[in-house]
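The block underneath contains the structure these notes are about, expressed in structure tokens.
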Amino acid sequence: MGSLIRLAAAALLCAGVTACGPVQAGGGPDPQEIAGRKINVVATIGQVADVVDNIAGDRAELEGLMGPGIDPHLYRASEGDVVSLAEADIVFYNGLHLEAKMADVFEKMRGSVTTVAVTSEIDRNELLAPPEFEGAYDPHVWFDVSKWMSVTEVIRDALVELDPEHAAVYEDNADAYLAELEELDSYVEEQALRVPEDQRVVITAHDAFNYFGDAYDFEVRGLQGISTATETGTADLSSLADFIVEREIPSIFVETSVPQRFIEALREAVAARGFDVNIGGSIYSDAMGDAGTPEGTYIGMVRHNIDTIVAGLLEQPTGGES
Amino acid sequence: MARAPARREAMEKTSAVEVMDLTVAYSDKPVLWDVDLSVPQGVLMAVVGPNGAGKTTLIKAMLDLVPISAGRVLIAGRPYDEQRRKVAYVPQRGSVDWDFPTTALDVVMMGRYGALGWIKRPGAREKQASMEALEKVGMAAFAHRQISQLSGGQQQRVFLARSLVQDADVYLMDEPFQGVDATTERAIVTLLQELRASGSTVIVVHHDLQTVAEYFDWVTLLNVRRIASGPTAEVFTEPNLRAAYGGRMAWLQTSEQEPVAD
Amino acid sequence: MFDLFTDYTLRTVAMGAAILGIVSGVLGSFTVLRQQSLLGDAISHAALPGIVLAFLLTGSSEPLPLVLGAGIAGWIGTLCVRAIVRNTRIKNDGALGLVLSVFFGIGLMLLTYTQARPDASQAGLDKFLFGQAAALLQDDVVTMAVLGGIAIVAVTLFWKEFKLLSFDSEFGRSLGFRMGAVDILLTTLVVIAIVIGLRTVGVVLMSAMVVAPGAAARQWTDRLGVMVCLSAMFGALAGLTGALLSSTGARLPTGPMVVLSASVIVLLSLLFAPRRGLVWERLRSHRRTALRTEGARP
């Protein structure tokens, strides 16, 4: 019922706003007009917003809808969000059903606001499609840095199309950022190799790290499924506990955007089997760190994650007592 | 206070129930207005009046079950709070859900809860007293019967037994004859008369004008105000009935013994 | 089945679910008898804004303050119901429905507002809607047992007062018992029962646990004591069965499985209980007509 009302409000707002602004039918605002002012950009998750920030810099008035610690699978757009979206020149979102509860909103916006799914250019063959997700792709692509480079290019191209007068700015910034991403990709690979093969298992609260595992050769297991909206069953918890004990995995990891209780329940289950697994630290999955901190940027976050994971996995497993 | 003989004398002079200037109103609508009533000890009194006259409200006001707008009630010369143990209440049969999972004996034992106080459970003594009460109303055989399986008359008798175990001086009953069969009615009347004979005061809200003179030695006619109150022979007269029932009486029989309402 | 004893997680969840079943069964008996089945629903839905507010005020994601908030909000909800019935012409069921929807609406609104906060996801507030049984820790089960124990002790102590309240509250008042206080006590215990179950079964489904075991038990007996014990057993059975069932498959949620088990118990009781069951009634009336036609034959 609530979403129906929200849709109605969104539709009315769109109609109202587009009637006022200098918008051409179906297309974006006039390039001359837009060159003379800052562009209004709305991004959903922080990872996307960070890339936009790096490419557009001062040219953009950027608003991120989902801040640090927010779970994008569960996020519902508020009235304020809908207004921001309606007034934007361009909207960037992850796509692949990550922002599952905003799908209706994007659908409604399609005709009047330019919306860009930043993952659109990634070759579908390179996307993971887990069987439980029934034909949909795993959306957590940002953990494979090389895929995030494709995302950077998509954002750059969209901005150039929107604001061709400043194309040079966007292209230069993008180039610089892509270079940084290359460096990051190598760093992660290097660090990953420090962990012996059979220890390369990352266990977290939900299945967000499949691309990470795929790209950098880690085995990845999550307690919940692809989306945190699903509920874990006791069987899932038990089988994961068995797995941890069997492989003598030293650390499991907490995600910042998912309640810690689940990981603690897992640890208790493992302890009941006579093995003591550490909680290796907090890693960022769906959301990034606080603004102003290194982990508040995409690059900082990825670095933090690989550092934490490697440190946790290199610890000696302790069986039995503390 | 006073010496024993003097006290006995004083008690005999005190009414069983004294109602003074009683007014009960719900959001500006008076249900009882300025009622004065003095019920002597040892009478069997009927309270009669048309629907909405406030009969049930009068009983409930005596029991402090409804908020009183003005006036007060005394039981044997003292406020009701101090005399709770002396008053037993038999509510209308329709006021409970008889599908409740309990037995006749269990319902009667509820009458002893007041004496037990908080938390204490009823024991052998209470059970005995309850069985005796059931005997008195002729329901001993049904002690362990589920109350939903009892007939209307039987249920009414269980309610009466519940009041009997309270060992009270004053009994307040709301339409105990409503919907019972003839046998039960006779049994109840006998019981009430026994109570009166043993010195208790019994006040009964009664709906059947035909039987007032036969069963009750005192009567109060009520229609928001007190119309009349006193011995049946004196008070249960045509003019009083007309005053109480107003235009509700279709016709009156002029015989002294059996005035009839519509 | 054997897993119940060997598997730590299943054991923990099953114990929690069983405790929840027992306590809600005991207290649910009284709400069912007093024809206040909607009360459980109202309290559990009213708990939602309490949970969110507790999080907003304390910033803590520990279960204790959240559950406390749930309890207080649920309790306030019952006070509102009482006030509405007393001061307006709205009857009990209308008041319950009103409080249920208004409080729940406020709760959802607060929930949406809260998700903009960075630490919101950590608190798992969303999980209170449908429960997250698998995340129960030993401490949680201990807390549930203690609270549940207190509630059951209270019911045993005030047994005759609760019986009086449920059967003939006015008579109780005439005896001198403060029935208003007893009512508040019973309602408070119902709030405790609901709060115990919130993390396992969730706000939306908890009401079923307060109604189902009691309704099922009523079908089998005409004695209050037996009914309450039976209700506790049915509740425990539903809890254990739900936990077991959800452990057999991947991604089978525990809360809904518990409620489904309880519903099956109710259905079977409605159909097959002797005397009150529908199937027996049908058989009896067939037998009666058969006898009648037989008697009619010369």
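The values are calculated or read from the model by the stated rules, or taken from the named source; none is laboratory data. Note that the coordinates shown come from a computational prediction; the quantities given were computed from them, not determined experimentally. Virtual Cβ from ideal backbone geometry, glycine too; neighbours counted across all protein chains shown. In case anyone asks, the SASA skips ligands and DNA or RNA and just uses the protein heavy atoms, side chains included. Shrake-Rupley method; radii C 1.70, N 1.55, O 1.52, S 1.80 Å.
In region A:157-172, what residues are open to solvent by less than 50 Å² (accessible area, probe 1.4 Å) and assigned to a helix (DSSP H, G or I)?
Scanning region A:157-172 gives A:158, A:159, A:160, A:162, A:166, A:167, A:170.
Say we look at region B:168-199 and pick out the residues that are open to solvent by 10 Å² or more (accessible area, probe 1.4 Å) and among the polar types (S, T, N, Q); which of these is nearest to residue B:94 (Cα to Cα)?
Looking at residues that are open to solvent by 10 Å² or more (accessible area, probe 1.4 Å) and among the polar types (S, T, N, Q), I get B:178.
If we only count helices (runs of 4 or more DSSP H) wholly inside region C:1-112, which ones have 3 or more residues that are under 15 Å from residue C:199 (Cβ atoms) and open to solvent by less than 10 Å² (accessible area, probe 1.4 Å)?
Answer list for region C:1-112: C:8-33, C:37-58, C:63-87.
With the requirement that a residue be surrounded by 18 or more Cβ atoms within 10 Å (Cβ to Cβ) and part of a helix (DSSP H, G or I), what does region B:70-82 give you?
Listed by number, the list holds a single entry, B:80.
For a quick check of your reading: which strands (runs of 3 or more DSSP E) sit entirely within region A:194-296 and have at least 2 residues that are touching a strand residue (DSSP E or B) at 6+ places or on another chain (Cβ under 8 Å) and within 10 Å of chain C (Cβ to nearest Cβ)?
Result: A:219-224, A:251-255.
Has region B:111-125 got at least one residue that is more than 12 Å from chain C (Cβ to nearest Cβ) and either open to solvent by 60 Å² or more (accessible area, probe 1.4 Å) or touching a residue at least 24 places away in the same chain (Cβ under 8 Å) (or both)?
yes
Out of the residues in region B:198-228 that are assigned to a strand (DSSP E or B) and among the hydroxyl-bearing types (Ser, Thr, Tyr), which is nearest to residue B:76 (Cα to Cα)?
If we take residues in region B:198-228 being assigned to a strand (DSSP E or B) and among the hydroxyl-bearing types (Ser, Thr, Tyr), then B:201 is nearest to residue B:76 (Cα to Cα).
Any idea which of (1) under 18 Å from residue A:53 (Cα atoms); (2) open to solvent by less than 20 Å² (accessible area, probe 1.4 Å); (3) of a type outside the set (Val, Ile, Thr); (4) part of a helix (DSSP H, G or I) is the one residue A:92 doesn't satisfy?
Condition not satisfied by residue A:92: (4).
Among the residues that make up region B:178-197, is at least one of them within 17 Å of the chain's Cα centre (by Cα), outside any helix (DSSP H, G or I) and more than 25 Å from residue C:165 (Cα to Cα)?
yes
Can you tell me which residues in region A:66-89 are without any contact (Cβ under 8 Å) to a residue 40 or more places away in the chain, open to solvent by less than 20 Å² (accessible area, probe 1.4 Å) and outside any loop (DSSP other than H, G, I, E, B)?
A:81, the sole residue that qualifies.
Just to be sure, is residue C:48 touching a Phe, Trp or Tyr at 6+ places or on another chain (Cβ under 7 Å) and within 14 Å of chain B (Cβ to nearest Cβ)?
When the stated conditions are applied, residue C:48 does not pass them.
Can you find a residue in region A:37-55 that is of a type outside the set (D, E, K, R), at pLDDT below 80 and open to solvent by 40 Å² or more (accessible area, probe 1.4 Å)?
Scanning region A:37-55, I find no residue that is of a type outside the set (D, E, K, R), at pLDDT below 80 and open to solvent by 40 Å² or more (accessible area, probe 1.4 Å), so the answer is no.
Please find, within region B:83-108, the residue that is nearest to the chain's Cα centre (by Cα) out of those that are part of a loop (DSSP other than H, G, I, E, B) and more than 8 Å from chain C (Cβ to nearest Cβ).
B:92
Return yes or no: is residue C:258 at pLDDT 95 or above and assigned to a helix (DSSP H, G or I)?
When the stated conditions are applied, residue C:258 does not pass them.
Checking the structure you have, find out if any residue of region A:142-155 is part of a loop (DSSP other than H, G, I, E, B), modelled with pLDDT under 85 and either more than 24 Å from residue A:301 (Cβ to Cβ) or not aromatic (Phe, Trp, Tyr) (or both).
No, region A:142-155 contains no residue that is part of a loop (DSSP other than H, G, I, E, B), modelled with pLDDT under 85 and either more than 24 Å from residue A:301 (Cβ to Cβ) or not aromatic (Phe, Trp, Tyr) (or both).
Take residue B:108 and decide whether it is at pLDDT 95 or above and under 21 Å from residue B:169 (Cα atoms).
yes
One residue is enough: does region B:163-177 have a residue meeting the conditions under 30 Å from residue B:50 (Cα atoms), in a helix (DSSP H, G or I) and under 16 Å from the mean Cα position of the chain (by Cα)?
Yes, because at least one residue in region B:163-177 is under 30 Å from residue B:50 (Cα atoms), in a helix (DSSP H, G or I) and under 16 Å from the mean Cα position of the chain (by Cα).
Grab the helices (runs of 4 or more DSSP H) fully contained in region C:133-250, keeping just those with 2 or more residues being within 14 Å of chain B (Cβ to nearest Cβ) and without any contact (Cβ under 8 Å) to a residue 24 or more places away in the chain.
C:138-157, C:159-167, C:169-175, C:179-201, C:224-248
For region B:126-157, give me each residue that is within 14 Å of chain C (Cβ to nearest Cβ) and in a loop (DSSP other than H, G, I, E, B).
Listed by number, the residues that qualify are B:143, B:144, B:145, B:150.
Given the criterion modelled with pLDDT of 90 or more and crowded, with 17+ Cβ neighbours inside 10 Å, identify the matching residue among A:277, A:310.
A:310
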